[in-house]
Amino acid sequence: MERGGGTPLPGKRRRTRGVLLAVLAVLLLLVVVAVVVGVSVRQKAHALKPTFMARCEAFKGYDCEKIWGVFEQAYVGLDPCEVPMEAYDPLIAAVPFKPACNRMMFWSKTKDVVHDFTEKRDCFLTVEETLLGSVLDGLTWCGKEGSRETFTTDCPGWSDCENNTVRSFWNRVSTAFADEACGDVSAMLNGSIVMPFNPTSVFASIEVKRFHFPRVKSLKVVLVTQQNSVTNCTNASLKDLQEELDQRITYNCKEVAEAQLEECGAHPETSCGSCW
Ligand code: APR
């Protein structure tokens, strides 16, 4: 008896369908695994807590888990544009700044050059080298209404709104750091811009206002210059800085070439005072 030309037998058809289903199941499994791995890698790459904890644990004698808990309370569940700087008060109370008289270094628009220098030489301390400054340096974070999570993407930028999570943190931390300023205070400002002392900067709007005599005796401005620098110590904005200060605080300004700072950073054995 002839069978219909090429038509598979019912048994063969079932086997083919079985193989197809098996292939589909394997493919589906692969897709699920890829998605799960992808999501967890992405979460790890963006998660704030591991970075916070690792940086915090570099400082001995602190309960970093507790500090993280206090930090989170400032912003979780809130609109990221509605976090006032006072929200971080409990964090500052949990990790108060220790005064570092004669070693405190402030800066404005010189972030890379100042840290290149202070990392190599043990003479000065910037806020970014303290525990609270270091754990969040260069990072972005925010919360969301109705969520207990910390987000690191789609957070408002520095200028998007006044009371944003990140800006309020730096304003609060800079306030607390400047409140501890004592003795001879230094500030590295940028001689390559027309307004090294900019009234909208954190240095001008927050920190300088908290330098009080007799706790602060002097302010030494290091104006970092390059070959084609547009500014020197006679700059108008630096006159404003002088006027802003309590007149009993001694002010001086020195132009220092960036190359000289690099050279000095390369020789940590020389005394702190000899760089400028
Ligand atoms: N977007 C994101 N971050 C910003 C922005 C911005 N548009 N502007 C300022 N910041 C944050 C960054 O962390 C940046 O590195 O402030 C830092 C310093 O900005 P500058 O304008 O260069 O300087 P200033 O505002 O004067 O703040 C520096 O504050 O960080 C403390 O004690 C520190 O004395 C220093 C001062």
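The values are calculated or read from the model by the stated rules, or taken from the named source; none is laboratory data. The structure presented is a predicted model; accordingly, all values stated were derived computationally and were not measured. Here the Cβ is made from the backbone with ideal geometry for all residues, glycine too, and neighbour counts use every protein chain on show.
Select from segment 65-108 the residues that are over 16 Å from residue 167 (Cα atoms) and crowded, with 20+ Cβ neighbours inside 10 Å and list them in ascending order.
67, 95, 97, 104, 105, 106, 107
Taking segment 126-174 as the search range and keeping residues that are among the aliphatic types (A, V, I, L, M) and surrounded by fewer than 18 Cβ atoms within 10 Å (Cβ to Cβ), which one is nearest to the chain's Cα centre (by Cα)? Let's see the steps before the verdict.
Going residue by residue through segment 126-174, those that are among the aliphatic types (A, V, I, L, M) are 127, 131-132, 135-136, 139, 166, 173.
With the extra rule that they be surrounded by fewer than 18 Cβ atoms within 10 Å (Cβ to Cβ), the set shrinks to 131, 139.
Values: 131: 12, 139: 5 Å.
The extreme case among them is 139.
Based on this model, can you work out whether residue 137 counts as near the ligand (Cβ under 10 Å from one of its atoms) and either among the aromatic types (Phe, Trp, Tyr) or part of a loop (DSSP other than H, G, I, E, B) (or both)? Before you say what the answer is, go through the steps one by one.
On the way: near the ligand (Cβ under 10 Å from one of its atoms): yes; either among the aromatic types (Phe, Trp, Tyr) or part of a loop (DSSP other than H, G, I, E, B) (or both): yes.
Spelling it out, residue 137 is indeed near the ligand (Cβ under 10 Å from one of its atoms) and either among the aromatic types (Phe, Trp, Tyr) or part of a loop (DSSP other than H, G, I, E, B) (or both).
Checking residue 260 against (1) assigned to a helix (DSSP H, G or I); (2) in contact with a Cys (Cβ under 8 Å, 6 or more places away or on another chain); (3) closer than 17 Å to residue 104 by Cα, which test does it fail?
(3)
Can you tell me which of 45, 58, 22, 54 is of a type in the set (Gly, Ala, Ser) and modelled with pLDDT under 70?
Numbers: 58 fails: modelled with pLDDT under 70; 22 fails: modelled with pLDDT under 70; 54 fails: modelled with pLDDT under 70.
Every option except 45 fails the conditions.
Under 9 Å between Cβ atoms, at least 6 apart or on separate chains: pull out the pairs that start in segment 121-143 with a residue that is of a type in the set (Lys, Arg) and end on any residue that is surrounded by fewer than 20 Cβ atoms within 10 Å (Cβ to Cβ) and assigned to a helix (DSSP H, G or I).
Pairs found: 121/264; 121/265; 121/272; 121/275.
Could you tell me which of the residues 173, 113, 185 is part of a helix (DSSP H, G or I), closer than 28 Å to residue 270 by Cα and of a type in the set (A, V, I, L, M, F, W, C)? Please lay out each step first, then the result.
Values: 173 fails: closer than 28 Å to residue 270 by Cα; 185 fails: part of a helix (DSSP H, G or I).
None of the others qualify; the one that does is 113.
Looking at 88, 62, can you tell me which residue is of a type in the set (Ser, Thr, Tyr) and away from the ligand (no atom under 16 Å from the Cβ)?
Working: 88 fails: away from the ligand (no atom under 16 Å from the Cβ).
Residue meeting the stated conditions: 62.
For segment 165-174, name all the residues that are near the ligand (Cβ under 10 Å from one of its atoms) and touching a helix residue (DSSP H, G or I) at 6+ places or on another chain (Cβ under 7 Å). Steps first, answer last, please.
Here is the first cut: in segment 165-174, the residues near the ligand (Cβ under 10 Å from one of its atoms) are 166-167, 169-171, 173-174.
Within segment 165-174, 169, 170, 171, 173, 174 qualify.
Does residue 200 qualify as being of a type in the set (S, T, N, Q) and in contact (Cβ under 8 Å) with a residue 12 or more places away in the chain? Walk me through it before giving the result.
Working: of a type in the set (S, T, N, Q): yes; in contact (Cβ under 8 Å) with a residue 12 or more places away in the chain: no.
Here the answer is no, as residue 200 does not meet what is asked.
Restricting to segment 263-274, name every residue that is part of a helix (DSSP H, G or I) and either touching a His at 6+ places or on another chain (Cβ under 6 Å) or touching a residue at least 40 places away in the same chain (Cβ under 8 Å) (or both). Break it down stepwise before answering.
Filtering segment 263-274 for residues part of a helix (DSSP H, G or I) gives 263-265, 272-274.
Answer for segment 263-274, where residues must be part of a helix (DSSP H, G or I) and either touching a His at 6+ places or on another chain (Cβ under 6 Å) or touching a residue at least 40 places away in the same chain (Cβ under 8 Å) (or both): 264, 265, 272.
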